Structure formats: C-alpha cells, structure tokens
Amino acid sequence: MTDALVIGAGPAGLMAAEALTAAGRQVVLCEGKPSPARKFLMAGKSGLNLTKDEPLADFCGRYDADWLRPILEAFGPEAVMGWARDLGQEVFTGSSGRVFPAAMKASPLLRAWLARLGQAGVQLRTRWRWAGFEGDGFAFDTPEGRQLIRPRVTVLALGGASWSRLGSDAAWVPWLGARGVGITPFQPANMGLRVDWSAQMQRFFGQPVKGAALIAGGQVERGEFVISVRGIEGGGVYAVSRAVRGGAPLYLDLLPGRSPVEVAGRLAKGPGKETVANWLRKMLKLDPARIALLQEWGRPLPKGEALARLIKALPVRHFGPRPIDEAISSAGGISRESLTEGLELTTLPGVFAAGEMLDWEAPTGGYLLTACLATGLWAGRAAAERR
C-alpha cells in the first residue's frame, strides 16, 4: 500500500508533498501533464507575483472566504517570502506592494523546489492522469496503461476550471460529487469582459488604458487594463470582476484625480473649431485610448456638465465575462461544508483537498498563489497526522 498520495503537481500539490515528507511520510506525487506546475510557469512568464506585502488583516480581507484566515495566518506573505529565500531565490517588493523573485521568473524557483522534493524522496510520476475511483483505490491512465493506487492518505490538488490546456479542467467534479462531496458550480474569476467594438476601435487593440478607475457595485479600483480584439482585460478589470459577474453595472472614471465640477469648468467653453478629440486632449490631458473609449461608449457625446458627468462615470457596454477557460482563475469548487478544519473531505476519510479545488475567490496580485501554497501546506500537515 502507498503511504501518501498527492494528485496534482501545481503549487498546492507540491507544498502538500513537502509537508508530508517533512513529517516522515513516503510520498507519490502524480501529475497528468508531461511536466509539473504548468500554470505556475505560465503565470511567471510576465513576472512571477508571489504574494502581496501588506498587513495580514488587509491581505486576508481580499478573500471572499473568512474560513481561510487561520490558514493564511499560518502561511501568509512573510512566510511566502521566507520560503522563496530558502529555495535560493531572493525577492523584492515593488511600489504596489507586490512581491516578485529577483529573477522575475518562475522556472528557477520551480527547479530548486523540485530538486529539494526529489532529495527528500518524493516520487514524481508525470503523465499519470487521475481517472476516478476504482473501489477503494485511485485509478490512473498512464503510459504503461491503467494503474491503481491504494494510499493510506491522499491530498487532491487538481486545480479549478480555468486554463484546461495546462491541466485545470475540473474533470474531478463528477467523481467527487458521486461520493457525496458538495461542489459549488465553477464560474470565471479574474476574467476579461466581452465587448463588440465598432471599427474605429481596431487601431487601439493591444493598447493599455492608464489613469482611469473602474467602478462596480460600490467598489472603486484604479488599475491598468488593455483594449483587446475580444474586449477588455487586465488587472484593473480583474479587480472588479466579481462584482460585475454578480450583475453590478461597470463604469469608468476617466479622470479619477479631478472632481466633476473641475472637469465641467475645463470644458465650459466648448471645442470651438477644434476636433472633439483635440479639445479633450488639450483641456483634460486625456490620452487617445481614453478619448476613444469615451467616444465609443458615450456617443453621441453630450455637452457641458453632462459631458463632465459622462467622463467621470462612463458606462461600459459589455456582454459579460469571457469564457471560464480564458479566466485567470475560477470561483467555486469544493464547499466549506464538505471539509473539516484540516481540509479533509467529510465523506471521504483520509482524503484532503487544497488549492483552487476549494470554494474561495481572490483577486490577482499574489493572493491566488499564496492561498494555493497555504492550503497545500495546511492539508499536507493534516494528512501527515492521519494514520
């Protein structure tokens, strides 16, 4: 019989394997893809955002699940930074508080981590795709054919439902559901919004929009986003995506640093003989991308105070979230009611779960990765104590 089984070699699964081996358990780590942590590596292509350096109370407040608090308190931002340094990867904190490895890549960190796990005795089996339960065992489709493992304890770290090409395809949902595990339906999180652009917007595809604020459901977020052929996406949009997904209308404040009265005063004389675009650029220092959005979503443009109000609260005409497989992360998953304090499945004794399989949601900015690491460690330690 296998001592400890971990299924899924992303950040949560790797952390669970490390916790188990640290407690003296013999670990087999199974990964369906040809190599581990593919989503982790993809996230690191633009600079791996490990965590956010801010007070723990503020950090925990960015999650929609209060039950995560003790888990994050046990392995929060400071612990994540220390963990990276222990792997030989120095970190730095940017002006926004986001923490990155000095190398700005995920691959050096992952290589060091895998080497440490290998030295600790973790057996990594790639191309071992979980295929559901078979009696009291876990069945796998492997290059050598069907294989069955009957472990003493198991940690599931199979990801959510976004980026299926990298392994997070939620194929596990019916298997756990059939075993009585409560699962909240998956929805896209940190996702872009679909927009049906007019032809005039084509020249702006790929351009960032800076200096604006996004407003949805009482939430105001200043952040950059990108105009794409499919709509709008990027950190600013992701920050309000939960409210928008819930039905809140979305508005842009194109000049968050100025009051409506000040904007109206600057526009009082009208454009005269100038084009509207030149007039707005000169009077308000609006860049071409923000002017294009104003003309796209505000046409026909009003005058005077009405135009000032529109600049301060421009309705975003979108058609809802982009598909879940394009989302940075997913909301939904195994419900809190189906878990013990140690993240053990109540209907499957000896089986634990971690990472994006669990029903929690957070914005980008290091929160997603920190929670995956923290829940992996928590589940791994709890599983190690079970005999």
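What follows is calculated from the coordinates using simple rules that are stated; it is not laboratory data. Since the structure is predicted, the reported quantities are computational estimates derived from the model, not experimental observations. A quick note on method: Cβ atoms are made from the backbone with ideal geometry, for glycine too, and the neighbour counts reach across all protein chains shown.
The table that follows gives values for the structure above.
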quantity	calculated
Span from the region 212-234 Cα centroid across to the region 29-99 one, whole angstrom	23
Residue range of the chain that is longest and free of chymotrypsin sites (Phe, Trp or Tyr not before Pro) which are both DSSP loop and sparsely packed (at most 16 other C-beta within 10 Å)	1-204
Three-way shape call for region 282-387 based on the alpha-carbon gyration tensor, with the a/c threshold at 1.5	prolate
Size descriptor, Kirkwood hydrodynamic radius, that averages inverse alpha-carbon separations across the chain, Å	22.6
³J(HN,Hα) computed for each position of region 191-200 - Karplus, 6.51 cos²θ - 1.76 cosθ + 1.60, integer Hz, glycine/proline x	10, x, 10, 7, 9, 9, 6, 7, 4, 5
Region 193-315: radius of gyration and largest Cα-Cα distance (Dmax), Å	14.1, 44
Euclidean distance of C-alpha centroids, region 349-363 and region 264-329, integer Å	41
Lysine pairs within region 213-350, Cα separation less than 17 Å, 8 or more sequence positions apart or different chains	8
Region 1-105: mean projected area of Cα convex hull, nm²	8.3
Charge dipole of the chain about the Cα centre (unit charges at C-beta), most positive-ward option of Thr346, Leu176, Pro271	Pro271
Over region 23-76: Rg over Rh, Cα atoms, Kirkwood Rh	1.08
Cleavage-rule hits (trypsin sites (Lys or Arg not before Pro)) in region 281-341: DSSP loop, at most 12 neighbouring Cβ within 10 angstrom	Lys285, Lys303
Alpha-carbon gyration tensor eigenvalues x 5, square-rooted, for region 64-135, Å	28, 21, 12
Neighbour-limited loop hits for trypsin sites (Lys or Arg not before Pro), region 128-164 (at most 15 other Cβ within 10 Å; DSSP other than H, G, I, E, B)	none
Spacing of the two label points (7 Å from each Cα toward its C-beta) at Lys210 and Arg146, in nm	5.8
20 Å Cα-Cα reach of Lys45 towards lysines, excluding residues that sit fewer than 8 places from it in its own chain	Lys33, Lys105
